[in-house]
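**Q** Questions regarding the structure given below will be posed in turn.
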Amino acid sequence: MITVRVPLGDRSYDVLVGHGVRSELAALLPVSARRAAIVTQAGIPFSVDPGIPFEVFEIGDGEDYKSLATIESLCRGFARMGLTRSDVVIGVGGGMVTDVAGFAAASWHRGIPVVHVSTTLVGMVDAAIGGKTGVNLPVVDGVGGKNLVGAFWQPSGVLCDLDALATLPPREVRCGRGEIAKYHFLTGDDLLAMGEEERVARCVQIKADIVASDEREGGRRALLNYGHTLAHALEIATDHSLAHGEAVAIGLIYAAHLARHLGRIDDARVQQHYEVVGGAYELDTSLPPGLSADELLALMGRDKKVLGDQLTFVLDGAHGVEVVPGVSRNDALAALHSMA
């Protein structure tokens with residue numbers, strides 16, 4: 001077992017990585033907790049024992065259920081069981097579950113403790129760490145988007161039990177590789193040369209270091225969005241038939257094309273992105289067929305980081321990956337055409 005500390009003062013917590021670490025769940029719960037609300041999904045073949053009385057709340061599967069309606073349903077359930085501010089919410093599942101469970105915990109009684117038990121590779125290396133919680137706002141009359149409603153709410157602890165990875169279909173593993181590829185470009189680490197436990201723990205450490213320096217995404221934490229601006233647009237444009245990690249992989253390639261178009265990197269560096277994402281990590285690097293560049297541009301225009309009529313991207317450059325504001329829509333569109 002490897003323990004990674006997320007150092008945030010009085011909100012610091014441990015992330016435990018290893019096989020069988022779910023047995024440590026009771027030790028991570030707040031000492032005040034007398035009851036637990038376990039938020040999960042049907043079909044997740046991974047059970048936990050918090051060591052205190054609990055009720056299980058199953059949420060729907062799919063992005064349509066990552067919604068305010070789901071938060072309301074959970075909070076009504078918390079009310080029925082009499083969950084107090086001294087009790088605890090436990091999220092057991094992938095990134096969608098921990099996002100929803102975290103936001104419900106942040107909202108109930110204006111904030112109660114939450115502990116995450118991540119069961120997917122995406123969740124272990126990214127979604128369950130760092131305290132960003134939220135749900136989607138359905139697009140109505142051109143308004144809405146992914147993860148637009150939420151809160152920063154740090155967990156009391158996170159368990160990354162590698163036994164859960166054996167239950168994942170190959171596509172879910174590929175999705176996790178999309179996020180791991182992102183860390184490759186943020187650090188240059190040869191993550192694929194590491195063993196499974198070390199690789200997951202290293203990704204957690206990278207994110208923990210960034211979160212510790214910028215908890216609420218006022219600066220450096222935005223680097224974790226590398227590849228995500230187009231990725232979120234692709235998820236919506238494909239009605240989520242393209243999974244998050246798959247979309248991030250394509251978003252990394254797009255970010256390289258955009259950086260090249262802006263003169264920040266050269267052709268050789270773009271090729272390195274293809275070699276890492278498509279070669280080493282064996283992920284798709286092409287835009288899905290049939291998508292309109294104009295539609296993708298419009299969807300990127302609804303991103304949380306948009307300032308006026310200009311876009312903000314995380315892009316590679318001579319000094320590494322940086323936040324780049326003020327990207328014109330014409331430049332963003334040109335990079336899409338270049339990638340196609």
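The values are calculated or read from the model by the stated rules, or taken from the named source; none is laboratory data. Just so you know, these numbers come straight off a predicted model, no measurement behind them. Here the Cβ positions follow ideal geometry from the backbone for every residue, glycine too, while neighbour counts run over all protein chains shown.
**Q** Take the stretch 161-182 and flag every residue that is touching an Asp or Glu at 6+ places or on another chain (Cβ under 7 Å) and modelled with pLDDT of 95 or more.
**A** Of everything in the stretch 161-182, those that are touching an Asp or Glu at 6+ places or on another chain (Cβ under 7 Å) and modelled with pLDDT of 95 or more turn out to be Leu162, Gly178, Glu179.
**Q** Test Ser23 against the criterion of being touching a Cys at 6+ places or on another chain (Cβ under 6 Å), under 28 Å from Val200 (Cα atoms) and modelled with pLDDT of 95 or more, and give yes or no.
**A** So Ser23 fails the test.
**Q** What are the pairs with Cβ atoms under 9 angstrom where one residue, in the stretch 321-332, is assigned to a strand (DSSP E or B) and the other, located anywhere, is exposed (fewer than 12 other Cβ atoms within 10 Å of the Cβ)? Sequence gap at least six, or different chains.
**A** Val323/Gly219; Pro325/Leu307; Gly326/Leu307
**Q** How about the stretch 59-69: which of its residues are among the hydrophobic types (A, V, I, L, M, F, W, C) and either in contact with a Cys (Cβ under 7 Å, 6 or more places away or on another chain) or in a helix (DSSP H, G or I) (or both)?
**A** Scanning the stretch 59-69 gives Leu68, Ala69.
**Q** Still on this model: Could you name every one of the strands (runs of 3 or more DSSP E) located completely within the stretch 70-163 that has at least 2 residues being buried (at least 24 other Cβ atoms within 10 Å of the Cβ)?
**A** Output list reads 88-93, 114-118, 132-140, 157-161.
**Q** Select from the stretch 44-63 the residues that are touching a residue at least 24 places away in the same chain (Cβ under 8 Å) and farther than 23 Å from Ala166 by Cβ and write down the one among them that is nearest to the chain's Cα centre (by Cα).
**A** Glu63
**Q** While we're here: For the stretch 172-189, indicate whether the set of residues that are within 28 Å of Ile71 (Cα to Cα) and β-branched (Val, Ile, Thr) is non-empty.
**A** Checked the stretch 172-189: at least one residue is within 28 Å of Ile71 (Cα to Cα) and β-branched (Val, Ile, Thr).
**Q** Considering only residues that are under 16 Å from Val321 (Cβ atoms), within 20 Å of the chain's Cα centre (by Cα) and free of Cβ contacts under 8 Å to residues at least 60 places away in the same chain, which ones fall in the stretch 250-304?
**A** Gly251
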